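Undergrad: The structure follows.
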Amino acid sequence: MQDASGPVDGAARGRVPGPEREPASPTPVRAYVGLGANLGDRRAQLRWAVAALDRQAGVRVVGVASLYGSRPVGVVDQPDFLNSVVALDTVLPADRLLERLLELERQAGRVRLRRWGPRTLDLDLLWYAGLVIRRPPQLVVPHPRAAERAFVLVPWAELAPDTVIPGHGPVGRLAEAIDRSGVWLEEASPGWWQEPKRPSPGAPGAGG
C-alpha cells in the first residue's frame, strides 16, 4: 500500500464516461470507495477496512484521504460519523468489487436495520473507471448521492479533485461549493490509518 495523502494521479482523472462497459482485461482501473462508521471504535474499524481492502486479491489501495467527522444525515438521532475515501486500483469488475465491500461490512458486524441508520462500517462504491452503471437495487455507479454529501466530497477532493462525477462535474469544484458546516477534520492522512511504528531497541523512549 502506498502513501498517497495528496492528489492521486490516475488514468481515469477527468474522464468523460462512455456507455456502460466494464473492463474485460486484467488491466487495473481506478475506483473510489467511501468509508464511514459511527458505532464502536470507529477509527479502528476504518483503519481495519483500509488494510482489509488492500489485502483483497485484485485490489490495491493507492490513496487514503484524511479522517473527517460528520453529523448524521437523514436520521439524526444517532452518533456522529467518522468518514474517509480511499482510491483503489483493481482488476475486479464493478459487481465483484461491490461484493467484496459488502462482505467486509458483514465481517465488521454491520446489520442493516434502517436506511441511513447507525453502522459499524459502511463501504460505498462511489466511482468506478468513469463508467455509468445502473443495475439497481445494489449496483449503481457513480453513487447516486455522492455529489450531495460533504462527508464524501471533502475527503474525495483531497485525493482526486479533477475526477468527474458524471452529470455533476469535478469533485474538487463540487467540494468547494457544498455546505461543509456538518463536516470537520479529525486527523490528517496518513497518520490516522497507518499503524504506529514501534521504536527500535536503543532508540530514545524505547525503554530498557
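Undergrad: On the given criteria, is D41 more than 22 Å from V140 (Cβ to Cβ) and at pLDDT below 95?
TA: yes
A quick yes/no check of all residues on (1) crowded, with 22+ Cβ neighbours inside 10 Å; (2) under 16 Å from the mean Cα position of the chain (by Cα); (3) modelled with pLDDT of 95 or more; (4) not acidic (D, E):
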| site | (1), (2), (3), (4) |
| --- | --- |
| D80 | no, no, no, no |
| D89 | no, yes, yes, no |
| E103 | no, yes, no, no |
| L126 | yes, yes, yes, yes |
| P136 | no, no, no, yes |
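Undergrad: Which one is surrounded by the most Cβ atoms within 10 Å (Cβ to Cβ), of the residues in segment 163-182 that are among the β-branched types (V, I, T) and under 18 Å from V33 (Cβ atoms)?
TA: So, considering only residues that are among the β-branched types (V, I, T) and under 18 Å from V33 (Cβ atoms), the one surrounded by the most Cβ atoms within 10 Å (Cβ to Cβ) is V171.
Undergrad: Based on this model, can you work out whether A160 counts as crowded, with 23+ Cβ neighbours inside 10 Å and within 18 Å of N83 (Cα to Cα)?
TA: yes
Undergrad: Another one. Need the failing condition index for V59 against (1) in contact with a helix residue (DSSP H, G or I) (Cβ under 9 Å, 6 or more places away or on another chain); (2) open to solvent by 20 Å² or more (accessible area, probe 1.4 Å), just the number.
TA: For V59, the exception is condition (2).
Undergrad: Here is a further query. For segment 120-194, which fully contained strands (runs of 3 or more DSSP E) count at least 2 residues that are over 23 Å from T90 (Cα atoms) and out of contact with any Ser or Thr (no Cβ under 9 Å at 6 or more places or on another chain)?
TA: none
Undergrad: Right, another one. Restricting the search to segment 30-43, which residues are open to solvent by 40 Å² or more (accessible area, probe 1.4 Å) and either of a type in the set (D, E, K, R) or touching a strand residue (DSSP E or B) at 6+ places or on another chain (Cβ under 9 Å) (or both)?
TA: D41, R42, R43
Undergrad: Could I ask something else about it? Could you identify the single residue in E187, E195 that is modelled with pLDDT of 95 or more, of a type in the set (D, E, K, R), closer than 29 Å to A52 by Cβ and open to solvent by 30 Å² or more (accessible area, probe 1.4 Å)?
TA: Of the residues listed, the single one that is modelled with pLDDT of 95 or more, of a type in the set (D, E, K, R), closer than 29 Å to A52 by Cβ and open to solvent by 30 Å² or more (accessible area, probe 1.4 Å) is E187.
Undergrad: Here is a follow-up. Give the residues of segment 28-46 that are farther than 15 Å from D122 by Cβ and basic (K, R), sorted by residue number.
TA: R30
The values are calculated or read from the model by the stated rules, or taken from the named source; none is laboratory data. As the structure is a prediction and not an experimental result, all values here were calculated from the model. Please note: Cβ atoms are built from the backbone with ideal geometry, for glycine as well, and neighbour counts cover all protein chains shown. Only protein heavy atoms, including side chains, enter the accessible area calculation; ligands, DNA and RNA are left aside. Shrake-Rupley method; radii C 1.70, N 1.55, O 1.52, S 1.80 Å.
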